[in-house]
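Inspection log for the structure reproduced underneath, given as structure tokens.
The values are calculated or read from the model by the stated rules, or taken from the named source; none is laboratory data. As the structure is a computational prediction, the values presented were derived from the model and not from experiment. No Cβ is skipped: glycine too gets one built from the backbone with ideal geometry, and neighbour counts run over all protein chains shown.
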Amino acid sequence: AQSVSQHNHHVILSEAASLELGCNYSYGGTVNLFWYVQYPGQHLQLLLKYFSGDPLVKGIKGFEAEFIKSKFSFNLRKPSVQWSDTAEYFCAVIEVISSGSARQLTFGSGTQLTVLP
Amino acid sequence: DGGITQSPKYLFRKEGQNVTLSCEQNLNHDAMYWYRQDPGQGLRLIYYSQIVNDFQKGDIAEGYSVSREKKESFPLTVTSAQKNPTAFYLCASKDRVSSYNEQFFGPGTRLTVL
């Protein structure tokens with residue numbers, strides 16, 4: 001079965017520090033990849049997504065992620081975090097079975113990011 | 001405004017009682033999903049429905065039931081058979097015909113069993 005690993009459970013940074021959150025998945029075929037964010041008291045919302053093409057994808061609020069197929073990874077990065085980035089971040093992967101068909105979305109366990117002012 | 005609504009926001013239940021969580025969407029999406037979120041475990045899929053009058057079990061369906069009588073609605077019933085129902089429940093929907101498998105989420109319902 002598909003699995004998604006987020007090895008950092010809780011990350012604490014000071015404002016202006018750089019961020020990298022790891023995400024690894026187990027499926028060897030075609031995948032669609034997502035990072036979702038859950039700010040305190042808010043809906044889970046999409047940060048960015050990768051389907052095909054340029055492996056470096058840019059999302060909202062200055063976030064970006066790089067898909068490295070050989071490493072089965074999709075790490076999230078931000079060069080300079082802000083206090084308002086404090087949230088829980090979830091990596092999610094969906095296996096693409098065939099054109100227009102896919103298995104269900106599998107989420108990682110999440111990483112709580114705390115940014116100190 | 002298009003979106004997904006879940007009600008209630010907070011729900012308290014006594015042990016042994018069934019309870020139904022509401023999920024409504026006006027995005028005209030075909031597919032709907034229920035997830036359970038527990039600290040340190042991410043989101044786990046309970047049930048999903050790709051089309052009206054059809055639904056499938058997810059990874060942790062035991063103790064839960066759903067119905068999909070209308071495209072807009074996908075209620076989840078937490079039955080007394082669910083051993084540990086206290087959790088945060090999230091509903092999501094997706095446009096099945098789209099090539100982009102992005103899911104949109106509701107605000108969630110926090111269920112506490114007393």
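Structure values in brief
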{"item": "Residue satisfying all of: in segment A:90-100; of a type in the set (A, V, I, L, M) and either part of a helix (DSSP H, G or I) or more than 15 Å from the chain's Cα centre (by Cα) (or both); surrounded by the most Cβ atoms within 10 Å (Cβ to Cβ) among these", "result": "A:Val96"}
{"item": "Close pairs from segment B:79-96: first among the acidic types (Asp, Glu), partner assigned to a strand (DSSP E or B) and modelled with pLDDT of 95 or more, Cβ under 8 Å, at least 6 apart", "result": "none"}
{"item": "Test: residue in segment B:14-26 that is of a type in the set (Gly, Ala, Ser), more than 11 Å from every other protein chain (Cβ to nearest Cβ), part of a strand (DSSP E or B) and within 21 Å of A:Arg103 (Cα to Cα)", "result": "no"}
{"item": "Tally, over segment A:42-89, of residues that are touching a helix residue (DSSP H, G or I) at 6+ places or on another chain (Cβ under 9 Å), in a strand (DSSP E or B) and among the charged types (D, E, K, R)", "result": "1"}
{"item": "Tally, over segment A:51-71, of residues that are modelled with pLDDT of 95 or more and aromatic (Phe, Trp, Tyr)", "result": "2"}
{"item": "Whichever residue in segment B:1-24 is closer than 15 Å to A:His43 by Cα and small (Gly, Ala, Ser) and, among such residues, is surrounded by the fewest Cβ atoms within 10 Å (Cβ to Cβ)", "result": "B:Gly2"}
